[in-house]
2 protein chains.
Amino acid sequence: MEKIGEDALVVFSGGQDSTTCLFWALARFRKVMAVTFDYGQRHKAEIDCARRIAADLGVEHQVLDMALLNQLAPNSLTRMDIPVDEAIPDGKSTPNSYVEGRNMLFLTFAAIVAKTHGIRHIVTGVCETDFSGYPDCRDVFVKSLNVTLNLAMDYQFVLHTPLMWLDKAQTWGLADSLGRLDYVRRRTLTCYNGIPGDGCGHCPACTLRRQGLNNYLASRKSC
Amino acid sequence: MEKIGEDALVVFSGGQDSTTCLFWALARFRKVMAVTFDYGQRHKAEIDCARRIAADLGVEHQVLDMALLNQLAPNSLTRMDIPVDEAIPDGKSTPNSYVEGRNMLFLTFAAIVAKTHGIRHIVTGVCETDFSGYPDCRDVFVKSLNVTLNLAMDYQFVLHTPLMWLDKAQTWGLADSLGRLDYVRRRTLTCYNGIPGDGCGHCPACTLRRQGLNNYLASRKSC
């Protein structure tokens with residue numbers, strides 16, 4: 001992969017997608033830093049996982065307290081008394097874990113952090129492919145946000161979305177092509193029940209992750 | 001003024017500009033609510049002033065805790081140990097009270113609050129005219145943000161900026177045309193030293209406010 005002689009900031013949760021983005025950025029940019037948003041997740045394990053991975057990879061890591069999101073839109077990700085929607089998102093309705101405009105806020109905070117560090121490249125794992133139903137994960141939104149951020153801060157940000165058009169199997173393939181499939185498989189946390197690696201095995205996040213991995217491994221074998 | 005049969009949310013600080021916007025919105029929309037951002041201002045008096053005006057006008061009012069901004073960009077507005085820049089902004093450099101991207105964050109939070117209440121009209125007192133030097137107060141930024149917000153939340157927000165092309169004297173004129181010049185003069189807080197109405201009289205905010213008022217009153221007399 002062609003190296004870019006500039007720095008990048010990765011929006012990083014410690015999950016499969018953003019960890020793959022972190023490896024993608026490490027292969028591509030001169031220096032990489034990561035930012036994680038702590039918004040009262042059901043599982044503090046996610047933040048701990050992100051911290052462990054960043055420390056392990058020697059990546060400068062900033063965790064921002066976003067507890068104020070709870071003021072806006074109580075939902076199942078931020079309040080213990082509302083159950084997580086067990087259904088796999090179908091691409092039509094937005095799942096009940098949705099905090100309206102959350103991704104836009106995160107990317108805007110990331111941009112502020114980035115500019116403070118003199119960084120204009122921002123990498124995010126958002127993706128249109130897996131039917132999340134979140135309007136602020138769409139490519140057209142990210143492009144519009146890029147322009148708005150540049151105007152807001154008089155700066156030349158470049159938003160990178162290496163997973164935008166990949167499905168879960170292809171995301172595993174990207175990790176594999178970076179030589180990091182085993183790391184991503186063993187060290188990242190996607191499971192709604194807070195269990196790293198292969199997770200609890202039965203929540204919607206584990207199901208999607210396992211299906212993607214199985215599909216990727218099957219396609220690799222058949223090549 | 002033509003009434004619009006819909007509701008509006010006003011970004012409201014209790015200062016001259018946003019209070020004038022509040023009266024503008026009350027004259028124009030069916031129902032109006034206000035949102036204030038508490039980001040550890042030097043003067044809690046500002047928040048108290050906003051609460052008093054909203055209560056006095058019978059406007060539903062939400063105060064959002066934005067203390068997390070302090071994590072990003074310590075500066076003279078949010079930390080007591082850095083003196084306020086005494087110079088009047090000259091339109092070239094940004095004053096040291098600047099929190100990078102702050103207005104973009106506030107408007108994004110305002111949009112989230114608005115949609116939660118089923119409101120699509122958002123009114124803000126940002127203005128290009130008074131040489132603030134903030135890129136996220138420019139008209140082109142607000143228009144770009146409007147598109148980005150609509151994409152982010154799949155909603156038809158309409159951002160209104162009644163003060164965009166007015167100078168301070170014309171803003172007093174707008175309050176006067178709404179029959180509210182005396183209210184805005186007596187009840188709002190602009191002064192850096194936390195004194196409502198005509199203020200301390202010698203800080204840069206008081207100087208600008210007084211010059212604008214004097215210019216407006218002189219022009220009214222000469223008509």
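Each reported figure results from applying straightforward, stated rules to the coordinates on display, with no laboratory input. A quick note: this is a predicted structure, and the numbers were derived from the prediction, not measured. No Cβ is skipped: glycine too gets one built from the backbone with ideal geometry, and neighbour counts run over all protein chains shown.
Choose one of B:Val158, B:Thr188, B:Ala111: the residue whose Cα lies farthest towards the positive end of the charge dipole of region B:111-215 (beta-carbon charges +1 Lys, Arg; -1 Asp, Glu; about the Cα centre). Farthest towards the positive end: B:Thr188.
What is the local net charge at B:Arg185, summed over the other residues whose Cβ is closer than 14 Å to its Cβ (Lys, Arg +1; Asp, Glu -1)? Write out the running numbers ahead of the final one.
Values: positive: B:Lys168, B:Arg180, B:Arg186, B:Arg187, B:Arg209, B:Arg210, B:Arg220; negative: B:Asp17, B:Asp176, B:Asp182, B:Asp198.
Result for the local shell: +3.
Where a ≥ b ≥ c are the square roots of the eigenvalues of the C-alpha gyration tensor, would you call region A:132-194 rounded, which needs a/c under 1.5, or, failing that, prolate if a/b is larger than b/c, or oblate? In terms of gyration-tensor shape, prolate. Using θ = phi - 60° in the Karplus curve 6.51 cos²θ - 1.76 cosθ + 1.60, the 3J(HN,Hα) couplings for region A:147-153 round to 5, 4, 4, 4, 6, 5, 10 Hz; x is entered for Gly and Pro.
Amide H contacts under 5 Å for B:Val158: B:His121, B:Ile122, restricted to partners 5 or more places along the chain or on a different chain, H placed in the peptide plane at 1.01 Å from N.
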